[in-house]
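*Asks:* Questions regarding the structure given below will be posed in turn.
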Amino acid sequence: MRKIALLLSIALLLLSCGKKEVKPVSKDSRATQEAFALAETIKNAFINKDMTALQKNSTEEGYKHITASKKGFDSVELTLTPRWVELEGNRILLNISWKSSWTLSGKKTSDRGMSVFVMEGSPLKLTKILRANPFIYPEE
């Protein structure tokens with residue numbers, strides 16, 4: 001009987017101590033996650049040539065940056081890798097390393113670089129792209 005009581009008390013002790021404290025997600029962390037998600041949404045909309053989604057997720061100036069390439073394309077493979085995030089008040093600067101592979105009339109062209117996506121507002125919208133724009137067809 002003592003063994004059963006001892007085992008039950010140990011089991012209760014282990015069960016009561018097994019809970020982990022759940023910490024709330026910080027405001028900065030939520031903003032960073034939203035910035036990552038927005039960059040991915042814009043990338044997918046660009047690849048699928050979904051101009052409505054691009055307009056919805058960017059300001060007028062941001063939309064001009066995305067659609068700056070006057071050269072069309074048959075298909076594009078684009079990889080965006082977030083490297084650094086800077087939070088400046090209501091503005092987010094998302095540093096992104098990118099690689100692209102463009103196909104036009106059977107000819108494949110590749111490029112890569114670093115960009116800074118400037119995002120503002122609530123919900124976040126892309127306002128401009130600094131440095132090398134991943135959405136511009138590479139020069140030959």
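*Asks:* Tell me, what HN-Hα J-couplings in whole Hz come from the Karplus equation 6.51 cos²θ - 1.76 cosθ + 1.60 at θ = phi - 60° for each residue of segment 45-59, using x for Gly and Pro?
*Replies:* 5, 5, 4, 8, 6, 8, 5, 5, 5, 5, 5, 5, 9, 9, 7
*Asks:* Shifting gears a bit: Going by how many other Cβ atoms sit within 10 Å of their own, how do TRP98, TRP84 line up, fewest first?
*Replies:* Sorted ascending by nearby Cβ count, the order is TRP84, TRP98.
*Asks:* Quick one: Karplus J couplings for segment 116-127, per residue in order, coefficients 6.51, -1.76, 1.60, θ = phi - 60°, nearest Hz, x for Gly and Pro?
*Replies:* 10, 8, 9, 10, 9, x, 9, x, 4, 9, 6, 9
*Asks:* Apply the Karplus curve 6.51 cos²θ - 1.76 cosθ + 1.60, θ = phi - 60°, to the phi angles in segment 83-99 and return the couplings in whole Hz, x for Gly and Pro.
*Replies:* The phi angles translate into 10, 7, 10, 10, 9, 10, x, 9, 10, 10, 10, 9, 7, 10, 8, 9, 9 Hz.
*Asks:* Sticking with this structure for a sec: For a bin width of 5 Å, list the pair-distance distribution of the chain built from all Cα-Cα distances, rounded to whole %.
*Replies:* In order of increasing distance, the bins hold 2, 9, 17, 18, 14, 8, 5, 4, 4, 3, 4, 4, 4, 3, 2, 1, 0 percent.
Readers should treat all values here as calculations from the given coordinates under stated rules, not as data from a laboratory. In this text, all values refer to a predicted model and were calculated from it rather than measured experimentally. Neighbour counts are summed over all protein chains in view; Cβ atoms, including those assigned to glycine, are modelled from backbone coordinates with ideal geometry.
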